[in-house]
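The values are calculated or read from the model by the stated rules, or taken from the named source; none is laboratory data. None of the values given here were measured: they were computed from a predicted structure. Quick reminder, even Gly has a Cβ in these numbers, built from the backbone with ideal geometry, and neighbours come from all protein chains shown. In case anyone asks, the SASA skips ligands and DNA or RNA and just uses the protein heavy atoms, side chains included. Shrake-Rupley method; radii C 1.70, N 1.55, O 1.52, S 1.80 Å.
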Amino acid sequence: MLKTRIIPTLLWKDTTLVKGVGFDSWRRVGTIIPSIKVYNTRQVDELIVLDITATAQGREPDYLSIKEFAGECFVPLTFGGGVKSLDSIKKLLRHGADKVSVNSAIYDNPGIIEKGVKKFGNQCIVASIDVIKEGDEYICFSHSGSINTQKKLVDIVQMVYDLGVGEILITSIEQDGTMEGYDIDLIRLVSERVNIPVIASGGAGNYNHMYQALLDGKADAVAAASIFHFTEQTPLEAKKYLQGRGIAVRN
């Protein structure tokens, strides 16, 4: 049985880290290398760094900066943002990323997922899916939540699963930054359709929210940002809480 992972998410905008609500990430919360150094000491299992402006600006990832901060990261690092081609994936892995998160390219160029899996292995490729609930359906959004793809979540989940991704990072745009809890129905919908790890994202405000995402949502890992930026709660204490409630966590 895979042990549960606690994964802080860092949203990288130009030279700073930001956070907001509902993907409106305007509030500065620090710089990337000091934040990574702090998380190195807090027993996190992995880190996710997302460049939230690269795709919208039509540019490649900043590979030199990634190499610099990846060199300071002593846990597995997933990077996303500006991933448009197989070459993007190759360069990110060469510059220090352990995994590459693909989001907008799922809709613009889904073939790079299959190519990435075949070239580098499915353990390196994460499908990042951002959704808003419209009526009874979850609809996928791309480009940091700014473009409605009009694609149904269930169809996109099936597509990326068939293409061979190693993990799915599922984020509720509506819950993002609210600290009111994950969308459990959303997480369970994805988890019950695939037999690869599902990372829950969007809404964590306390340790019990994480527990609910894992127990009721059947997630394999929980990603969070605001809870670690704006409260005294820590990844280590989250692990202790979850372990006390019978969830197997990494030491």
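Give the residue that is modelled with the lowest pLDDT, with candidates limited to residues of segment 8-58 that are basic (Lys, Arg) and assigned to a strand (DSSP E or B).
Going residue by residue through segment 8-58, those that are basic (Lys, Arg) are 13, 19, 27-28, 37, 42.
Filter again for assigned to a strand (DSSP E or B), leaving 13, 19, 27-28.
Working: Lys13: 88, Lys19: 85, Arg27: 77, Arg28: 81.
So the residue we want is Arg27.
From (1) buried (at least 24 other Cβ atoms within 10 Å of the Cβ); (2) touching a residue at least 40 places away in the same chain (Cβ under 8 Å), pick out the condition that doesn't hold for Glu174.
Failing condition for Glu174: (1).
Out of curiosity, is Ile247 touching a residue at least 40 places away in the same chain (Cβ under 8 Å), closer than 22 Å to Lys3 by Cβ, touching a helix residue (DSSP H, G or I) at 6+ places or on another chain (Cβ under 7 Å) and surrounded by fewer than 20 Cβ atoms within 10 Å (Cβ to Cβ)? First the steps, then the outcome.
Values: touching a residue at least 40 places away in the same chain (Cβ under 8 Å): yes; closer than 22 Å to Lys3 by Cβ: yes; touching a helix residue (DSSP H, G or I) at 6+ places or on another chain (Cβ under 7 Å): yes; surrounded by fewer than 20 Cβ atoms within 10 Å (Cβ to Cβ): yes.
Here the answer is yes, as Ile247 does meet what is asked.
Please indicate, with yes or no, whether at least one residue in segment 208-218 is surrounded by 14 or more Cβ atoms within 10 Å (Cβ to Cβ), aromatic (Phe, Trp, Tyr) and under 30 Å from Met159 (Cα atoms).
yes
So which residues in segment 1-45 are touching a Leu at 6+ places or on another chain (Cβ under 8 Å), open to solvent by 80 Å² or more (accessible area, probe 1.4 Å) and polar (S, T, N, Q)?
Gln43
Please determine, by comparing only the residues of segment 46-68 that are out of contact with any helix residue (DSSP H, G or I) (no Cβ under 8 Å at 6 or more places or on another chain), farther than 13 Å from Thr15 by Cα and not β-branched (Val, Ile, Thr), which one is surrounded by the fewest Cβ atoms within 10 Å (Cβ to Cβ).
Gly58
If you go through segment 225-244, how many residues are touching a helix residue (DSSP H, G or I) at 6+ places or on another chain (Cβ under 7 Å) and small (Gly, Ala, Ser)?
1
Every residue, every condition in (1) over 15 Å from the mean Cα position of the chain (by Cα); (2) closer than 20 Å to Pro61 by Cα, yes or no:
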| residue | (1), (2) |
| --- | --- |
| Arg94 | yes, yes |
| Val102 | no, yes |
| Ile113 | yes, yes |
| Asn122 | yes, no |
| Ala127 | no, yes |
| Val131 | no, no |
| Gly135 | yes, no |
| Asn148 | yes, no |
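Inside segment 219-233, can you point out the residues that are of a type in the set (Ser, Thr, Tyr) and open to solvent by less than 30 Å² (accessible area, probe 1.4 Å)?
Within segment 219-233, the subset of a type in the set (Ser, Thr, Tyr) is 226, 231.
Correct list: Ser226 only.
For segment 195-202, does any single residue satisfy the condition of being open to solvent by 10 Å² or more (accessible area, probe 1.4 Å), free of Cβ contacts under 8 Å to residues at least 24 places away in the same chain and on the phi > 0 side of the Ramachandran plot?
no
Determine, yes or no, whether Ala54 is closer than 24 Å to Ile6 by Cα and either free of Cβ contacts under 8 Å to residues at least 40 places away in the same chain or within 16 Å of the chain's Cα centre (by Cα) (or both). Write out each step before concluding.
Numbers: closer than 24 Å to Ile6 by Cα: no; either free of Cβ contacts under 8 Å to residues at least 40 places away in the same chain or within 16 Å of the chain's Cα centre (by Cα) (or both): yes.
For Ala54, the condition - closer than 24 Å to Ile6 by Cα and either free of Cβ contacts under 8 Å to residues at least 40 places away in the same chain or within 16 Å of the chain's Cα centre (by Cα) (or both) - is not met.
Being without any contact (Cβ under 8 Å) to a residue 24 or more places away in the chain and at positive phi is the filter here; which residues of segment 104-144 pass it?
If the condition is that a residue be without any contact (Cβ under 8 Å) to a residue 24 or more places away in the chain and at positive phi, then Gly135 is the only one that fits.
So in segment 79-110, with the set limited to residues that are in a helix (DSSP H, G or I) and of a type in the set (D, E, K, R), which one is most open to solvent (accessible area, probe 1.4 Å)?
Here is the first cut: in segment 79-110, the residues in a helix (DSSP H, G or I) are 86-94, 105-108.
Next cut, of a type in the set (D, E, K, R) only: 87, 90-91, 94, 108.
On the way: Asp87: 61, Lys90: 66, Lys91: 73, Arg94: 178, Asp108: 107 Å².
Here the residue is Arg94.
Please go through segment 111-134 and pick out each residue that is among the small types (Gly, Ala, Ser) and either touching an Asp or Glu at 6+ places or on another chain (Cβ under 9 Å) or part of a helix (DSSP H, G or I) (or both).
Gly111, Gly116, Ala127
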